[in-house]
Amino acid sequence: MTSMKSLLGSALLLLAVPCCAQADILVGFVTGLSGPVSSIGIPNAKGIAAGEAYVGEIGGEKVRLIQLDDASDATASARNARKLIEQEKVDVLIGTSGAPQTLAMATAAIEMQVPMIAVSPIASVPAGEGGPWVVQTPQPMPLLVQGIVDHMKARGLKTVAFIGFSDALGDLLYDSLSHSAKAAEIKVIANERYARSDSSVTAQVLRALAARPDAIMLGGTGTPGALPAIALSERGYKGPLYGNNGMISADFLRLAGKAANGIICPTGPVIAAEQLPPSNPIQKVALAYRAAYEKANGEQPTDGFSSYSFDGWVVFVDAAKRALATGAKPGSPEFRSALRQALFATKEVVGTQAVYNFTPADRHGVDARSRVLVQIEDGKYKLLP
């Protein structure tokens with residue numbers, strides 16, 4: 001009799017569990033909270049927190065974020081991605097800070113067949129089994145650099161020198177400049193590189209100046225990206241100076257100080273949200289992002305990186321809604337597959353940096369609406385026509 005009562009009790013307990021209960025949607029987020037890329041990684045973490053504050057539930061299902069620090073190390077980025085997939089069973093990956101780190105993370109995601117949203121620019125990655133698995137929110141570097149070259153051409157400039165990082169990001173920037181400049185009949189007459197950990201770029205700056213270029217383009221980001229700007233200012237350089245979207249950063253402005261004045265950078269519309277015309281759909285989302293950022297972090301954003309991770313969250317939320325509509329359950333291979341398919345069918349999703357339209361043939365999913373030019377003036381970003 002006791003045994004029968006136990007069985008009946010167990011049966012009643014099973015009946016009491018809701019038959020339609022689902023697991024939380026799990027998001028694995030990797031960023032560099034320490035190390036040389038932390039000036040990008042910390043803002044990325046604040047941006048993802050803003051995303052959570054903006055939308056914390058999808059179709060009645062809770063979203064749980066699991067965050068890991070890769071310490072700006074590509075090996076740790078890949079290891080963290082595997083840990084999140086194998087141990088935490090995440091449905092999607094978002095990350096990380098730095099091009100080499102993001103590439104390492106993407107490689108793991110593709111191998112293990114989990115969709116990923118990259119929040120740093122990366123070079124081409126293999127499609128993987130059954131097609132692509134990775135999209136990215138940062139504008140493709142060629143599109144951004146094209147804005148710089150167009151500006152150079154309009155000013156009648158004929159030669160340019162490049163001073164940038166000696167890593168994958170530096171290569172990406174230089175290659176983009178070379179390609180666009182050639183088409184515009186502008187010669188790249190110097191290619192100087194330095195490591196993110198270097199404390200001086202005097203030799204590189206002197207060689208670039210010795211080439212007597214009409215303009216100089218800087219290919220660094222964050223805190224170490226300020227070194228060439230400072231060195232050029234100290235040597236009295238007064239010519240046109242161009243930067244990149246990685247210089248939209250409070251750390252860069254603080255370190256570069258007056259040396260940053262006059263630098264023209266291509267960037268996403270969010271940086272000049274208040275200066276955009278009200279007809280621009282990005283303005284509304286960009287202002288909502290700032291409100292969510294302040295809610296999550298207790299301060300206003302002062303960088304250009306956090307909005308990429310926020311947009312990653314926006315893209316994920318839109319895709320997750322459509323994945324849930326297929327009936328697939330979070331935590332299952334079917335949901336990950338549905339989420340992947342939804343990502344690559346994204347249409348006109350408005351973020352802070354762009355209006356996204358991903359396809360299997362286009363992991364960037366952005367157009368000219370994602371690019372504006374701003375000029376730094378006393379720590380402010382002035383929108384250029």
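Annotations for the structure displayed:
- Test: residue in region 116-130 that is modelled with pLDDT of 95 or more and not aliphatic (A, V, I, L, M): no
- Pairs where the first residue, in region 214-235, is in contact (Cβ under 8 Å) with a residue 24 or more places away in the chain and surrounded by 22 or more Cβ atoms within 10 Å (Cβ to Cβ) and the second is charged (D, E, K, R) and outside any helix (DSSP H, G or I), C-beta under 8 Å, 6+ apart: Gly220/Arg196; Pro224/Arg196; Pro224/Asp198; Leu227/Asp198
- Of the residues making up region 245-267, those that are at pLDDT below 95 and assigned to a loop (DSSP other than H, G, I, E, B) are Ile248, Ser249.
- Of all residues assigned to region 127-144, none qualifies as being free of Cβ contacts under 8 Å to residues at least 40 places away in the same chain, closer than 30 Å to Gln87 by Cα, touching a Phe, Trp or Tyr at 6+ places or on another chain (Cβ under 7 Å) and outside any strand (DSSP E or B).
- Restricting region 71-105 to residues that are polar (S, T, N, Q) and surrounded by fewer than 24 Cβ atoms within 10 Å (Cβ to Cβ), the residue that is nearest to the chain's Cα centre (by Cα): Thr75
- Residues located in region 159-189, provided they are farther than 14 Å from Asp214 by Cβ, assigned to a loop (DSSP other than H, G, I, E, B) and over 19 Å from the mean Cα position of the chain (by Cα): Ser166
- Residue count for region 334-385, restricted to those that are in a helix (DSSP H, G or I), among the polar types (S, T, N, Q) and closer than 20 Å to Leu276 by Cβ: 1
- Screening Gly239 against (1) touching a strand residue (DSSP E or B) at 6+ places or on another chain (Cβ under 7 Å); (2) surrounded by fewer than 17 Cβ atoms within 10 Å (Cβ to Cβ); (3) over 24 Å from Arg155 (Cα atoms) leaves a single unmet condition, (3).
- Of the residues screened, Ile248 is not one that is under 15 Å from the mean Cα position of the chain (by Cα) and surrounded by fewer than 24 Cβ atoms within 10 Å (Cβ to Cβ).
- Criterion applied to Leu324, Leu373 was being under 21 Å from the mean Cα position of the chain (by Cα), buried (at least 16 other Cβ atoms within 10 Å of the Cβ) and of a type outside the set (D, E, K, R), and the one residue passing it is Leu373.
- Some residue of region 210-232 being modelled with pLDDT under 95, more than 17 Å from Phe162 (Cα to Cα) and part of a helix (DSSP H, G or I): no
- Out of Val270, Val205, sole residue that is out of contact with any Phe, Trp or Tyr (no Cβ under 6 Å at 6 or more places or on another chain), over 27 Å from Ser34 (Cα atoms) and in contact (Cβ under 8 Å) with a residue 24 or more places away in the chain: Val205
- Selection status of Thr202, within 18 Å of Ala99 (Cα to Cα) and among the β-branched types (Val, Ile, Thr): no
The values are calculated or read from the model by the stated rules, or taken from the named source; none is laboratory data. All values reported here derive from a predicted model rather than from experimental measurement. We place every Cβ from the backbone using ideal geometry, glycine too, and count neighbours over all the protein chains shown.
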